[in-house]
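The values are calculated or read from the model by the stated rules, or taken from the named source; none is laboratory data. Keep in mind it's a predicted model, so treat the numbers as computed, not measured. Here the Cβ positions follow ideal geometry from the backbone for every residue, glycine too, while neighbour counts run over all protein chains shown.
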Amino acid sequence: MRFRSSNAMLAYITAVAALVSLGLQACSSDSGGKNDPPQNNPGDAGNPQPTKDGGVPASCTTVVEAPTVCPDPKPRYADVEPIFNKRCVSVCHSGTKPGIWSLADYGHVVDWADTIRSELLDCAMPPPDASAGFTKEEKLAILTWLRCDHPR
């Protein structure tokens, strides 16, 4: 993985450490199932119930394939910025929470472009305990913009 700066690398390492710490805390706490992600019934596979804001549960039932071509015209940051603001910045990635990397502006998003791409494709973000996930259309919009080398 390449980083644009040592600050980006340090932020990444801090974020990974925070995620590992949160994961260890979640595994060691006895929540009695209260904080467990909702489980879909086998008959619901591929047909998740949307969250109240139109997304899907963070358990990642919106598996998408990465786009292989960039459309013409290319999507711009203005096309995906509202998605980042709604699904990422307003929830965790505002830059105000210690150990969580910011996605509050174009520069931050571009610094994390490779990580964002892999975490969307691997269903690692949002985490399973998040209150909302991405719609398929939102994921595809971000992945397409990334595929096009994230034009401003």
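Just to be sure before I move on: is Pro38 exposed (fewer than 14 other Cβ atoms within 10 Å of the Cβ), modelled with pLDDT of 70 or more and either of a type outside the set (Gly, Ala, Ser) or closer than 22 Å to His150 by Cα (or both) in the structure I sent? Walk me through it before giving the result.
Details: exposed (fewer than 14 other Cβ atoms within 10 Å of the Cβ): yes; modelled with pLDDT of 70 or more: no; either of a type outside the set (Gly, Ala, Ser) or closer than 22 Å to His150 by Cα (or both): yes.
Judged against the criteria, Pro38 is not a match.
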Cross-chain or 6+ apart pairs with Cβ under 9 Å, the stretch 76-102 first and more than 21 Å from Trp145 (Cα to Cα), then among the polar types (S, T, N, Q) and modelled with pLDDT under 90: Val91/Ser131; Pro98/Thr14; Gly99/Thr14; Gly99/Ser21; Ile100/Thr14
Within the stretch 116-152, considering residues that are within 11 Å of the chain's Cα centre (by Cα), more than 15 Å from Lys86 (Cβ to Cβ) and among the acidic types (Asp, Glu), the one surrounded by the fewest Cβ atoms within 10 Å (Cβ to Cβ): Asp122
Could you grab the pairs with beta carbons closer than 7 Å, sequence gap of 6+ or different chains, first residue in the stretch 129-152 and at negative phi and part of a helix (DSSP H, G or I), second one buried (at least 18 other Cβ atoms within 10 Å of the Cβ) and hydroxyl-bearing (Ser, Thr, Tyr)? Lys136/Thr62; Lys139/Thr62
